C-alpha cells in the first residue's frame, strides 16, 4: 500500500492560493453594512440567535453569531455593525468553497492526467503537479469571480455556505471513491450532506449523485448472475413507489418486502445492496405517513403529528432503529448503518430552532417553538406549492435555453466550451475516472436541470434575477469540468511542443490570468449590468440609508452626510443643497411602523434591534398579520406594551372578509374554499384584505401612548424601549397621540385618506388628512434632490437591488397621489420611479395605467414597447400591452356609442354594448347610470329589462337588478319566473316584506306549478321551515315538474 499522502503539497497550494486570492477580492468589495432584500432579517436572526425565514438555517445562524462575537467592535456611522461580520462570513465560506474545489480539481485532475500515459510521461511529475495546481487555482477562481458567487459572497446571505457544504460533499465523496475501503470519508460525506441540508435544502439534490457514486463503486452487481435480482429489486421499488403515490399500504409493504428479498438473494455482500435494503425501509415511513394523512382517524400515527402523539415517537424510533439494526445484521452494515446515522445527526441541528424560538428573539419566523411552527419552517410552508415544469413543451426548451445562457454568461462563451474537454477524453481515462465524471454529471443535472424542473421558473428579467442564486450550485460543479478542461488542454499542448519550458510558462500565466477576465467582465459587461448589476458591494450603504432615513428622517440624513463628508466645508456645501432642513421629521416616540416589502420590514428590524437606532419604534409587518404564527411572535414581543390582535380578533377579521365576499361587498381577490368544515382563503389579494382589517384594528386601538417607562434591567428582549411615562393632558385627560407610518408593499385602501408623504415612506395620520400644497412641495423637492443624488452615483446604477427598492418606495408615494386625485403629481412620481429602475414592472404598469385613464393610450403603449424591448420574455408586460391596445379600441367604440346615444339614434343592442364597455373599462358608475336610464325609458321592453337584470346580476349590482326585475314583472305580470327571481333577490337584500309580496304574486300567477318550482328552488332554503313559507307553499302531496331556471348570477 502506498504511503504517499493523498493530497500533495501542490494540491494544498492550489487550495490556499485560491482561498487567499478570493478572500482578498471579497473583502475589498465587501458590503460595509446591511443591504436590502433579506439582509436585515438574516443579520438580526444571527445577532439574537433567532430563526430566519424557512427553512430556518440553524447552523448558519450559530456560526454567523460567532463571527459577530469576534468582530463585535466594528461600527458603521457610530452605530453597532454586526452586518459587517455576517458579510465577512459569506466571504469566508465563499472563498472556502472555492478553495475546496481547487483542492478537488488539483487532486482529481492528477488522476485524470496520469491515466493519459503519453501526456503523463512527456510532462513528468513536476510539470504534472504544476499544471494540476494551476488548473485547480484557475477553476476555483473562475467560480469565485463569477457574478453569481461573487455577488453572494459580499453580502449577508446563505448561498456561499451552501456551496461550501456542496464542495465538501464532493471532496469527501471523491476521496472515498478513490479508496472505498476507507469508509470514514463516506461518513464525513454523509454528515456534511445532512448538516448542509439544515443550511439550504437544495443540497438534497446532491443525494442522487451520492447514490450513483456508491453504485459505481461496485458495478460487478450488474453481472449476469446478479442482474435478475437487481431488476427484481428495481421493479419492487417501483411498486413501493406506486404504493406511496397512491397511498396504498398493501403495495408499499409488497414492494418493500420484495425489494429486500431480491437484494438478499444477491449472495455477494455488495455495499450498494445493503444501502438499498436500508433505504427501502424508509419508504414505509414516508408511505405510511402519506396514507395516514389521507385518513383523519389515523392522523395521530403520523410522524408529523408531533411529540404529543404516539406516531412521532414510533417513527422516530423506527428511523433510528433501522440503521442501528443494519449495523449488526447486514454484511456491510458497519458502513451503511453509521452513514445513515451521521446524516441524521447533521439533520438534527434543525431541532435547535425550537430552543431558539423559545427565547423570543426578534426574528422568530414560523414560531417553531410549537410543533406546527417547526414543521412550517422545515417544510418551507410559506412558499407556493411546487408546480413541475412540463418537460416536453416549447416553454421548457426556453427555460433550458435561458439556463444555459446564464451559465455561459457567468464564464464567457469560449471559456464555458472548455468544460466539454474532459468528456472528449473520457474514453481514455479509465474506469474510476469515468465513474467520477459520471458522478459529477449526475450532480450537475440534479442541482441544475432537475432543480429547474422543480422550480419551473419564468424567464423574464425579474424572475431570472430572483432565481439566479439558485443555480450557483450547478456553477460550482461546472467549474470542476472547466478545471479539468484547462488541465487537459494544457497537457495536450505541452505534450505537442514536447514540454517546452517557454510555452509552459506562457501557458501557466495565461491560465492564472483567465479568472481575472471575469473581474473585467463584472465592471464592463452591459448585459450583466442591465439584468443583475455589478457583483461588488464596496461602499454600497443603500440599505443603511433606506432604514436610517425612514426612522430618523432629516436627523439621519444629516448624520450620514457628516460621515460621508468629514471635511466641514464640504459638508456645508452638500448640506446647503438639501431642500428642506426640517423634512422629513423623525418618527414620533414609540411610533408604530407598518413594514411592507422585504427591505421595508427587514431593514428597519436591523436598524432597531442590531444597529440600536430608534429602539422605541414598534415594527409590524403589514403583509403577515393574517398569519397566526407571526401574530404569536408579535404578542410575545409587544403584547405587554401595545394592543395586538388576539386569536379571536384575527378570526373576526377573517369572518369580516368572508362575509364581505359572500355579500358581494368585497371582491374576493382569492379562492375562498370550504374544506372539512373550515373556510380557507388562498390568494395574495384576499389575504391582504384580511391584513387590512387587522392593521385597521391595530391603528384604532393604539391611538394614544399608554405604555409605561421601561427599565433596561428588566425589559424583555425584543420589546420596545419606552424612555418616559406618557404625560397626561390636564384639559383632555388623555396621553399624547401616537404616530403611525407605513412602507407600502400591497395597497391597503383604508389607509389612503389618512396618508401623507413622509420622506421615503408615508405617515398614517390619526385622522383623514388632506394633501396640502406644502406637503406636496416637500415631497417633490426631497425626491428631486434624492433622485439626482442616486442617479448620479455609479454605485447605485450598478446595484439592481437598491434600484428596485427605491423605485418601489417612489411608486408607493405616486400611488398615494393617484388615489387622492392628484394625477399630475402621480405622473411625476411614477416617472421618477421608472428612472430609478427602468425595468420595474410595477412602476411601468402603474404609470401606463395612470396615463391610459387620461386617454393617452399611445403614450402608454409606447412605454411598454420600450419595456418589452428590454425584457422581451415578460409575459405579463406583453399581456398588459395587449390590454392597453384593447382599451384604446374600446375607448374609440365607447365614444362612438356615446355620440349615437346623444343623437338619440341608439338601439337597445347599442345600449347593452355600451354598458358592457363601461364595465370592461372599470366605469361602473356610468354603467349603472345608463342601466337606470334605459329602465326608465317609455320604450322599454320586457326582454330588455330581463337582459339588464341578468347582466347586472353577473356584476353583483343588485340594486339595479331589483329595479330591472320590478320593471320586468310590471311589463309581464303573468311570468311566475320573474316574480320568483324578484323574491329571491329581495331575500338576499334582506327585504322580507317585499319578498313575501313577490312570492304571493308568483303563486297567484302560477298556482300549483309555481309551488312545485318553489319547493325545488334552493334559493329559498332559509325560509323552508318558516310558517309563512309553509303556508304559501305546503309540502307536496306528490312530486311536480321543474319550473324555469333561476336568474343567472343570483
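The values are calculated or read from the model by the stated rules, or taken from the named source; none is laboratory data. All figures in this text were calculated on a predicted structure; none of them were measured in a lab. Here the Cβ positions follow ideal geometry from the backbone for every residue, glycine too, while neighbour counts run over all protein chains shown.
Would you mind telling me which numbered condition in (1) at pLDDT 90 or above; (2) under 32 Å from the mean Cα position of the chain (by Cα); (3) exposed (fewer than 14 other Cβ atoms within 10 Å of the Cβ) residue 922 fails?
Of the numbered conditions (1) at pLDDT 90 or above; (2) under 32 Å from the mean Cα position of the chain (by Cα); (3) exposed (fewer than 14 other Cβ atoms within 10 Å of the Cβ), the odd one out for residue 922 is (1).
I'd like to know if the range 616-630 contains one or more residues that are modelled with pLDDT of 95 or more, assigned to a loop (DSSP other than H, G, I, E, B) and crowded, with 22+ Cβ neighbours inside 10 Å.
Within the range 616-630, one or more residues are modelled with pLDDT of 95 or more, assigned to a loop (DSSP other than H, G, I, E, B) and crowded, with 22+ Cβ neighbours inside 10 Å.
Taking only the range 850-870 into account, find how many residues are buried (at least 17 other Cβ atoms within 10 Å of the Cβ) and closer than 17 Å to residue 818 by Cα.
Of the residues in the range 850-870, 4 are buried (at least 17 other Cβ atoms within 10 Å of the Cβ) and closer than 17 Å to residue 818 by Cα.
Which condition number in (1) assigned to a helix (DSSP H, G or I); (2) more than 30 Å from residue 150 (Cβ to Cβ); (3) out of contact with any strand residue (DSSP E or B) (no Cβ under 9 Å at 6 or more places or on another chain); (4) not assigned by TED's automatic domain parsing to the domain that holds residue 624 is the one that residue 750 fails?
(4)
So, in the range 1025-1050, of the ones that are assigned to a loop (DSSP other than H, G, I, E, B) and modelled with pLDDT of 85 or more, which residue ends up farthest from the chain's Cα centre (by Cα)? Before the answer, list the steps.
Within the range 1025-1050, the first condition is being assigned to a loop (DSSP other than H, G, I, E, B), and the residues that meet it are 1025-1026, 1033-1050.
Filter once more, keeping what is modelled with pLDDT of 85 or more: 1025-1026, 1033-1034.
Numbers: 1025: 51, 1026: 52, 1033: 56, 1034: 58 Å.
For the range 1025-1050, the residue satisfying everything is 1034.
For the range 759-768, check the following and say yes or no: at least one residue is at positive phi and modelled with pLDDT of 95 or more. Give the derivation first.
If we filter the range 759-768 for residues that are at positive phi, which is where we start, we get 759.
Add one more test, that the residue is modelled with pLDDT of 95 or more, and what stays is 759.
Within the range 759-768, one or more residues are at positive phi and modelled with pLDDT of 95 or more.
Taking the conditions exactly as written (outside any loop (DSSP other than H, G, I, E, B) and either modelled with pLDDT of 90 or more or at positive phi (or both)), does residue 344 satisfy them or not?
Numbers: outside any loop (DSSP other than H, G, I, E, B): yes; either modelled with pLDDT of 90 or more or at positive phi (or both): yes.
Spelling it out, residue 344 is indeed outside any loop (DSSP other than H, G, I, E, B) and either modelled with pLDDT of 90 or more or at positive phi (or both).
Considering each of 862, 869 in turn, give the residue that is under 28 Å from the mean Cα position of the chain (by Cα), in a helix (DSSP H, G or I) and at pLDDT 90 or above. Steps first, answer last, please.
Values: 862 fails: under 28 Å from the mean Cα position of the chain (by Cα).
Answer to the check: 869.
Of all residues in the range 855-877, which are touching a helix residue (DSSP H, G or I) at 6+ places or on another chain (Cβ under 6 Å) and over 11 Å from residue 844 (Cβ atoms)?
Going residue by residue through the range 855-877, those that are touching a helix residue (DSSP H, G or I) at 6+ places or on another chain (Cβ under 6 Å) are 857, 859-861, 863-864, 867-868, 871, 877.
Once the filter is applied, which keeps residues that are touching a helix residue (DSSP H, G or I) at 6+ places or on another chain (Cβ under 6 Å) and over 11 Å from residue 844 (Cβ atoms), the range 855-877 yields 857, 859, 861.
Quick check: anything in the range 784-801 over 29 Å from the mean Cα position of the chain (by Cα), buried (at least 18 other Cβ atoms within 10 Å of the Cβ), in contact (Cβ under 8 Å) with a residue 24 or more places away in the chain and under 25 Å from residue 595 (Cα atoms)?
Residues of the range 784-801 that are over 29 Å from the mean Cα position of the chain (by Cα), as a first pass: 784-786, 788-789, 792-793.
Narrowing the set further to residues that are buried (at least 18 other Cβ atoms within 10 Å of the Cβ) leaves 786.
So of that shortlist, the ones also in contact (Cβ under 8 Å) with a residue 24 or more places away in the chain come out as none.
Looking for residues that are over 29 Å from the mean Cα position of the chain (by Cα), buried (at least 18 other Cβ atoms within 10 Å of the Cβ), in contact (Cβ under 8 Å) with a residue 24 or more places away in the chain and under 25 Å from residue 595 (Cα atoms), one finds none in the range 784-801, hence no.
State whether one or more residues within the range 985-994 are surrounded by 14 or more Cβ atoms within 10 Å (Cβ to Cβ) and closer than 29 Å to residue 886 by Cα.
The answer is no, given that none of the residues of the range 985-994 is surrounded by 14 or more Cβ atoms within 10 Å (Cβ to Cβ) and closer than 29 Å to residue 886 by Cα.
In the range 328-347, is there at least one residue being more than 30 Å from residue 719 (Cβ to Cβ), in contact (Cβ under 8 Å) with a residue 40 or more places away in the chain and under 24 Å from the mean Cα position of the chain (by Cα)?
yes
Report every pair of residues separated by at least 6 positions or lying on different chains whose Cβ atoms are under 7 Å apart, first residue within the range 804-819 and farther than 21 Å from residue 853 by Cα, second in a helix (DSSP H, G or I).
If the second residue must be in a helix (DSSP H, G or I), the pairs left are 805/546; 805/599; 806/790; 806/836; 807/833; 807/836; 807/843; 808/842.
Of the residues that sit in the range 764-781 and are under 18 Å from residue 557 (Cα atoms) and either assigned by TED's automatic domain parsing to the domain that holds residue 694 or out of contact with any helix residue (DSSP H, G or I) (no Cβ under 9 Å at 6 or more places or on another chain) (or both), which one is surrounded by the fewest Cβ atoms within 10 Å (Cβ to Cβ)? Lay out the reasoning, then the answer.
Our first condition is that a residue be under 18 Å from residue 557 (Cα atoms); within the range 764-781, this holds for 778-781.
Subsequent filtering for residues that are either assigned by TED's automatic domain parsing to the domain that holds residue 694 or out of contact with any helix residue (DSSP H, G or I) (no Cβ under 9 Å at 6 or more places or on another chain) (or both) retains 778, 781.
Numbers: 778: 20, 781: 14.
Per the stated criteria, the residue is 781.
Any residue in the range 553-561 that is under 34 Å from the mean Cα position of the chain (by Cα), at pLDDT 95 or above, within 30 Å of residue 449 (Cβ to Cβ) and surrounded by 16 or more Cβ atoms within 10 Å (Cβ to Cβ)?
The answer is no, given that none of the residues of the range 553-561 is under 34 Å from the mean Cα position of the chain (by Cα), at pLDDT 95 or above, within 30 Å of residue 449 (Cβ to Cβ) and surrounded by 16 or more Cβ atoms within 10 Å (Cβ to Cβ).
Take the residues of the range 637-670 that are at pLDDT 90 or above and in a loop (DSSP other than H, G, I, E, B): which is surrounded by the most Cβ atoms within 10 Å (Cβ to Cβ)?
The qualifying residue surrounded by the most Cβ atoms within 10 Å (Cβ to Cβ) is 644.
Residues in the range 196-207: is at least one in a helix (DSSP H, G or I), surrounded by 19 or more Cβ atoms within 10 Å (Cβ to Cβ) and more than 29 Å from the chain's Cα centre (by Cα)? Explain how you work it out, then say what you get.
Just the residues of the range 196-207 that are in a helix (DSSP H, G or I), to begin with: 196-197, 201-207.
This time we only want the ones that are surrounded by 19 or more Cβ atoms within 10 Å (Cβ to Cβ), so: 196-197, 202-203, 205-206.
With more than 29 Å from the chain's Cα centre (by Cα) added as a condition, the list becomes none.
No, every residue in the range 196-207 fails to be in a helix (DSSP H, G or I), surrounded by 19 or more Cβ atoms within 10 Å (Cβ to Cβ) and more than 29 Å from the chain's Cα centre (by Cα).
May I ask you to verify whether residue 911 is farther than 24 Å from residue 956 by Cβ and not assigned by TED's automatic domain parsing to the domain that holds residue 459? Quick ask: steps written out before the conclusion?
Details: farther than 24 Å from residue 956 by Cβ: no; not assigned by TED's automatic domain parsing to the domain that holds residue 459: yes.
No, not satisfied.
Can you find a residue in the range 573-583 that is buried (at least 17 other Cβ atoms within 10 Å of the Cβ) and touching a strand residue (DSSP E or B) at 6+ places or on another chain (Cβ under 9 Å)? Give the derivation first.
As a first pass, look at the range 573-583 and keep what is buried (at least 17 other Cβ atoms within 10 Å of the Cβ): 578, 583.
Of the ones still in play, those that are also touching a strand residue (DSSP E or B) at 6+ places or on another chain (Cβ under 9 Å) are 583.
Scanning the range 573-583, I find at least one residue that is buried (at least 17 other Cβ atoms within 10 Å of the Cβ) and touching a strand residue (DSSP E or B) at 6+ places or on another chain (Cβ under 9 Å), so the answer is yes.
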